[in-house]
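Worksheet: the structure to be examined is printed underneath.
Any read-out appearing in this document is the output of simple, stated calculations on the displayed coordinates, not a laboratory observation. Note that the structure is predicted; figures quoted are calculated from it, not measured. Note that we place each Cβ from the backbone using ideal geometry, even for glycine, and neighbour counts take in every protein chain shown.
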Amino acid sequence: MRGIFVKLTSHFHIIIMYKKNSYCLFFLLFVFTNVVAQIYQIPNTIKWSEKMALSIMKRHPEAYQIDDKITPKWDYVHGLVLNSFQKLYQKTNDKKYFDYVKNYADATIDSLGIVKSYQYDNFNIDMIAAGNILFDLYETTTDERYLKVMQQLRNQLKNQPRTQSGGFWHKKIYPNQMWLDGLYMGTPFYTHYTTQFENGKNLDDVANQFKIIQANATDATTGLLYHGWDESKQMLWANKTTGCSPNFWSRSMGWYMMALVDVLDFFPKDHPRHKELVNYLTQLAENPTQNPDYQ
């Protein structure tokens, strides 16, 4: 507003200038809001899945703006939301949903197939989750950049630091720790990749990630899982006997259960350990309702 930056001779003049510019700003916002509303009118006749998607697109015209980002960033939040957009595209065949996902990938991946906002040697397992959108993009477009990024993410998992029992660390800066949400961030991509490109040779390793966390983070009384487990028992929050964090967290339980659901989409039913994963999911689906005080 100009009135703020001009040296004026009277308080009255300052008020006039401020009000004048405020009215102009209000008018512009009013016009802009109405234009946007007309462009993004969401019909009441469509399903809630599309209403939600269109609402996101209205607030964030570019997919990288999701989570209120102002520059393109490779992130699990975007991966989660945009994977849902891909499911919606498969149901509706409406290309705007496909394009919304593809535009995010192209905003974050350069012409050489490099994600500039991704730091491989941080070994942050959160960074794997966005890779889930690349399978369909690669299959549809055959753009080698998408395959190259998937290979980079797979290489991270290959070299990801592990606990002595074989579980992926959540991050390099969190040594010896497994978190429930880390299973969601890494294992669905891992499962999809190994079944599609490796003839399923690492499916046992996928199943072991769940076996390790089940064995070490499950509370014997409730059957619920603690959010974090520190194998070294050195963290301030870690129980000195079990290594577990002090509390249950319903959100992380949700992440973990969805990890199992998404993994089972790609885990072959005839694999010897398929039933093991189904049993984990079944037990967890029952336990929260039996322990409402722990929610």
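Taking a label point 7 Å from the Cα of residue 77 along the Cα→Cβ vector, which residues of the range 234-259 have an amide N closer than 18 Å to it?
251-252, 255
Highest first, please rank the peptides 104-110, 219-225 by the mean number of other Cβ atoms sitting within 10 Å of their residues.
In descending order of packing, they fall as 104-110, 219-225.
On full extension of the chain, what length is gained from residue 41 through residue 285, given 0.36 nm per residue of separation minus the C-alpha to C-alpha distance?
Here the answer is 84.0 nm.
Would you list, by chain and number, the aspartates and glutamates whose Cα falls below 16 Å from the Cα of residue 240, excluding same-chain residues fewer than 8 positions away?
Result set, ordered by chain and number: 219, 230, 231.
Using the basic label-point model (7 angstrom from Cα toward the beta carbon), what is the residue 219 to residue 140 distance in nanometres?
Going from the residue 219 label point to the residue 140 one covers 4.2 nm.
List the lysines whose alpha-carbon lies under 27 Å from that of residue 96, not counting same-chain residues fewer than 8 positions away?
Straight-line reach from residue 96, under 27 Å: 47, 51, 58, 69, 73, 87, 116, 148.
What's the local net charge at residue 110, with K and R +1, D and E -1, over the other residues with C-beta under 10 Å away?
In short, +1.
For residue 237, what charge total do you get from the other residues with a beta carbon under 14 Å from its beta carbon, if Lys and Arg give +1 and Asp and Glu give -1?
In short, 0.
If R₀ is 30 angstrom, what is the calculated FRET efficiency for the pair residue 261 and residue 67, using the beta carbon separation as r and rounding to 0.05?
0.85
Starting from the Cα-Cα distance between residue 55 and residue 234, subtract it from 0.36 nm times their residue separation and give me the gain in nm to one decimal.
60.0 nm
Once you have a ≥ b ≥ c as the square roots of the Cα gyration tensor eigenvalues for the range 197-293, tell me rounded if a/c is under 1.5, and otherwise prolate or oblate according to whether a/b is larger than b/c.
Oblate is the answer for the range 197-293, as a/c is 1.5 or above yet b/c matches or exceeds a/b.
Where the centre of each part is set by its Cα atoms, how far does the range 52-85 sit from the range 184-255, in angstrom?
Comparing the Cα centres of the range 52-85 and the range 184-255, I get a distance of 27 Å.
Less than 13 Å Cβ to Cβ from residue 161, Lys/Arg counted +1 and Asp/Glu -1: what total charge do the surrounding residues give?
Neighbour charge sum, excluding residue 161 itself: +2.
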